[in-house]
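**Q** Here you go, one structure.
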Amino acid sequence: MGAWLLHRLSGLFLVLYLVFHINGLRALSDPSEFEVYITVFRSPLFKIAEFMLLIVAAFHAFNGMRILIQDMGFRSDRQRVLFYGVLALTIIVVLAGGVPIIFPYFIAPLLP
Amino acid sequence: MNRQHDFQGVGSARSRALGWMMQRITGVALVLFLGLHFWVQHMPTGFLATAEEYSEILRRLGETSPEFADAIAEGKIREALPGEHVITYEKVLERLRTPLWKLINIMLLLFSLVHGMLGVVNVLGDYIRHSFLRKAAVSCGWTAVLFLAAQGIASIMAVGMN
C-alpha cells in the first residue's frame with residue numbers, strides 16, 4: 001500500500017514537473033534568454049529542488065521496474081524484499097548522482 | 001456495480017490492455033532515456049561547461065552582444081562557482097546540431113508524455129466515478145499531451161535555427 005501510494009504520488013509530481021519543464025524549453029529559442037533561465041536554477045534553493053527531483057525520479061523508476069518484474073511473475077511473497085531493493089538502489093543513485101549536483105553549493109564551501 | 005461500469009470512460013478492454021502494455025514499454029524506455037538525459041544534463045561531464053569554460057563563454061558573449069552584457073551586469077546571468085558545471089546554450093547547441101541527439105530528445109519527450117498521461121488516466125479512472133466526466137478529463141489530458149508534444153518538439157527543433 002505504501003509503495004503503491006508513493007509510486008502514484010511521485011508519478012503525479014513528475015507529470016507536473018514535466019509540464020513545467022517542457023514550458024521552460026521555450027527559452028531554447030533565444031540564447032540570452034536561455035542563459036538567464038538557467039541562471040535562475042543555479043541557486044542553492046533550486047539545487048536542493050534538483051536533488052529532491054532526483055530522489056523522486058529514481059524512486060519512481062526503480063519502483064516501476066519492481067512492478068514490471070512482479071507483472072512478469074516474480075513471486076508476490078517476495079514483494080517486501082524487492083521493495084527494499086528499490087529503496088537501496090534509489091539511495092545509491094541519489095548519492096552517486098546527487099552529490100555532484102550539490103557539491104559546489106553546499107560541500108565545497110565547507111572544505112578547508 | 002459491475003466491472004464494465006467501473007471502467008467506463010477509460011476505454012475498451014483492448015485499449016486498456018494496450019495502455020497497460022504501453023505503460024511498461026515507455027517505462028523501460030524512460031529508464032534508459034532519462035538515465036542518459038540525467039548523465040548529459042546534470043553530471044559533471046564534457047556536455048556541460050566547466051567554471052572556466054563558462055567564464056570564457058560569458059566574456060565572449062558580453063563582448064559581442066549588448067543584451068548579454070546587460071544581463072551579466074544586472075546579475076541575471078552569473079559566473080559559475082568553483083567546480084560547478086553549467087548547462088549553457090553553446091553546449092546544448094553543440095549537441096543538438098546532431099540529428100541523432102535531436103531524435104533522442106524528441107523520443108524522451110514523447111515517451112515521458114505518453115507514460116505520464118497513461119499514469120494520469122489510471123488515476124482519473126480510480127477517482128472520477130462519473131463516466132462522462134472521466135471521458136472528458138481523459139480527452140482534455142490527451143489534448144494537453146498533443147499540445148505539449150508539439151511545443152516541446154518545436155523547442156528542440158528551434159535550437160540552432162537562429
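Readers should treat all values here as calculations from the given coordinates under stated rules, not as data from a laboratory. No experiment lies behind these values; they were computed from the predicted model shown. Please note: Cβ atoms are built from the backbone with ideal geometry, for glycine as well, and neighbour counts cover all protein chains shown.
**Q** Condition check: under 27 Å from B:A29 (Cβ atoms) and assigned to a loop (DSSP other than H, G, I, E, B). Does A:F51 satisfy that?
**A** no
**Q** Among the residues in the range A:79-100, are any under 20 Å from B:H42 (Cα atoms) and among the aromatic types (F, W, Y)?
**A** No.
**Q** Could you tell me whether any residue of the range B:24-32 is within 20 Å of A:F103 (Cβ to Cβ), under 28 Å from the mean Cα position of the chain (by Cα) and at the interface with chain A (Cβ under 10 Å from one of its Cβ atoms)?
**A** Checked against the condition, which is being within 20 Å of A:F103 (Cβ to Cβ), under 28 Å from the mean Cα position of the chain (by Cα) and at the interface with chain A (Cβ under 10 Å from one of its Cβ atoms), the range B:24-32 yields no hits at all.
**Q** To continue, here is another question. Could you go through the range B:102-121 and let me know if any residue there is polar (S, T, N, Q) and more than 23 Å from the chain's Cα centre (by Cα).
**A** Within the range B:102-121, not a single residue is polar (S, T, N, Q) and more than 23 Å from the chain's Cα centre (by Cα).
**Q** Can you confirm whether B:K91 is touching a Leu at 6+ places or on another chain (Cβ under 9 Å) and either facing another protein chain (nearest Cβ under 10 Å) or crowded, with 17+ Cβ neighbours inside 10 Å (or both)?
**A** yes
**Q** Considering only the range B:119-162, state which residues are among the hydroxyl-bearing types (S, T, Y) and more than 10 Å from chain A (Cβ to nearest Cβ).
**A** B:Y127, B:S131, B:S139, B:T143
**Q** Name the residue that is farthest from B:F38 (Cα to Cα), counting only residues in the range A:65-112 that are more than 11 Å from chain B (Cβ to nearest Cβ) and outside any helix (DSSP H, G or I).
**A** Residue satisfying both the conditions and the ranking: A:R75.
**Q** Regarding the range A:41-53, can at least one residue be identified that is closer than 17 Å to B:L34 by Cα and in contact (Cβ under 8 Å) with a residue 40 or more places away in the chain?
**A** yes
**Q** Which residue pairs have Cβ atoms under 6 Å apart, sit 6 or more places apart or on different chains, and have a first residue in the range B:50-76 that is over 18 Å from B:V92 (Cα atoms) and a second that is in a loop (DSSP other than H, G, I, E, B)?
**A** B:A71/B:I77
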